[in-house]
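A short reminder: the numbers here are calculations on the coordinates, not readings from a lab. It should be emphasised that the depicted structure is a prediction, and the values quoted were computed from it without experimental measurement. Please note: Cβ atoms are built from the backbone with ideal geometry, for glycine as well, and neighbour counts cover all protein chains shown.
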Amino acid sequence: MLHRSTGHNEAVARIGWCIQERALGVITGEVGSGKTVATRAATAALDTSRNTLIYLGNPAVGARGIYHGIVTALGGVPRFHKASLIPQTVDLLAAEENERGKRVVIAIDEAHLLTPDQLEEIRLLTNSELDSKSPFACLLVGQPTLRRRIKLGMFAALDQRIALRFAMPPLAKTETGDYISHHLKLAGRVDTLFSDDAVALIHQVSRGLPRAINNLAVQALIAAYATNKAIIDESSTRAAITEITAD
């Protein structure tokens with residue numbers, strides 16, 4: 001059911017390259033821009049017999065929590081003390097590649113919430129092989145503040161290790177219309193349901209962000225249904241905007 005826009009396809013291709021190279025990548029975008037969807041699309045295409053995906057969706061677990069999540073995902077029982085948990089994590093990552101022949105991909109969502117300590121732990125993990133190679137591919141997925149934070153001087157060492165930086169672009173006006181049509185077709189509606197004025201207004205208010213487009217389109221459908229309209233026009237869309245933006 002996924003709508004593949006130009007930005008989405010580019011994100012998937014870049015993420016795929018990052019994984020192939022076992023590199024560190026930073027994928028950022030506004031709330032609802034589709035960065036997590038693109039990451040999941042890229043990782044879903046991986047051969048599970050050759051790749052092990054570790055998805056960490058909640059950064060609010062502290063620095064130790066990252067090690068705990070990796071060890072658990074790799075089938076280990078996390079050791080209690082951090083001093084022994086760190087080498088356990090490094091050993092399991094190495095064993096996954098050297099003994100099982102599988103590449104590890106660590107995807108950390110909501111990465112803009114990572115603390116300085118957590119970012120430093122991630123850098124140290126990628127440096128465990130003395131820069132000879134990266135022991136895993138790592139994707140940091142978050143809001144634009146992540147990109148700005150990493151540029152701070154205190155994260156210079158991490159910043160220098162980043163091989164991929166990609167900011168999810170918003171949908172263009174024509175892509176917004178295609179996005180709406182795509183989902184309508186999935187629902188069984190192939191004729192024109194949204195007027196050009198309605199699509200233009202949805203694009204303007206949503207700023208081309210897919211999640212905002214979804215919300216506005218659904219509310220516009222409800223507004224049109226409530227007034228017995230066969231076509232979602234500009235007035236139905238304005239009613240939807242009022243409903244969503246009302247306090």
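For region 146-214, taking the reciprocal of the average inverse distance between every pair of different Cα atoms yields a Kirkwood hydrodynamic radius of 14.6 Å. Here the label points at residue 77 and residue 245, each 7 Å from Cα along the C-beta direction, are separated by 5.8 nm in the simple model.
In this Cβ point-charge picture (+1 for Lys and Arg, -1 for Asp and Glu), the chain has a dipole of about 380 debye about its Cα centre. Its Cα gyration tensor gives the chain an equivalent ellipsoid. The semi-axes, each the square root of 5 times an eigenvalue, are 42, 18, 16 Å from largest down.
Note that region 109-234, at 4 °C in a medium of 1.567 mPa s, gets a Stokes-Einstein diffusion coefficient of 73 µm²/s from its Kirkwood radius over C-alpha pairs.
Can you tell me the 0 to 90 degree angle between the C-alpha axis of helix 62-73 and the longest principal axis of the chain, rounded to 10? Helix 62-73 sits roughly 90 degrees off the main axis of the chain.
Note on the chain: helix-only mean residue ellipticity at 222 nm, from DSSP H runs of 4+ residues weighted -39500 (n - 2.57) and normalised by residue number, equals -16500 deg cm²/dmol.
If R0 is taken as 45 Å, the Cβ-Cβ distance between residue 61 and residue 173 corresponds to a FRET efficiency of 0.65. Taking 93, 140, 184 in turn, the Gaussian network model of the chain (Cα-Cα springs below 10 Å) assigns the largest fluctuation to 184. Take every Cα pair under 8 Å whose residues are at least 6 apart in sequence, average their separation, divide by the length of region 131-247, and the relative contact order is 21 percent.
The relative contact order of region 6-167, computed from alpha carbon pairs under 8 Å that lie at least 6 residues apart in sequence, is 37 percent. Here the simple spin-label model places points 7 Å from the Cα toward Cβ, and for residue 187 and residue 50 these points are separated by 4.0 nm.
Max-minus-min Cα coordinates of region 173-245 on each principal axis give 25, 24, 18 Å, with the largest extent listed first. Set the Förster distance to 41 Å, then compute FRET efficiency between residue 197 and residue 13 from the Cβ-Cβ distance, nearest 0.05. E(calc), rounded to 0.05, equals 0.75.
Summing +1 for each Lys or Arg and -1 for each Asp or Glu among the other residues whose beta-carbon sits under 12 angstrom from that of residue 116 gives -1.
For region 141-201, the residue among 201, 174, 155 whose Cα projects farthest onto the positive side of the dipole built from Cβ charges is 155.
Compared with the dominant Cα axis of the chain, that is its longest principal axis, helix 35-44 is turned about 60°.
Pick out, from 69, 44, 26, the residue whose Cα sits farthest towards the positive end of the charge dipole of region 16-78, with +1 on the Cβ of Lys and Arg and -1 on the Cβ of Asp and Glu. Of 69, 44, 26, it is 69. Note on the chain: antiparallel DSSP beta bridges, both residues inside, total approximately 0 percent of the bridges counted. Between the helical axis of 6-20 and the longest alpha-carbon principal axis of the chain there is an angle of about 10 degrees. Relative to the current alpha-carbon distance between residue 6 and residue 230, full extension at 0.36 nm per residue lengthens the span by 77.5 nm.
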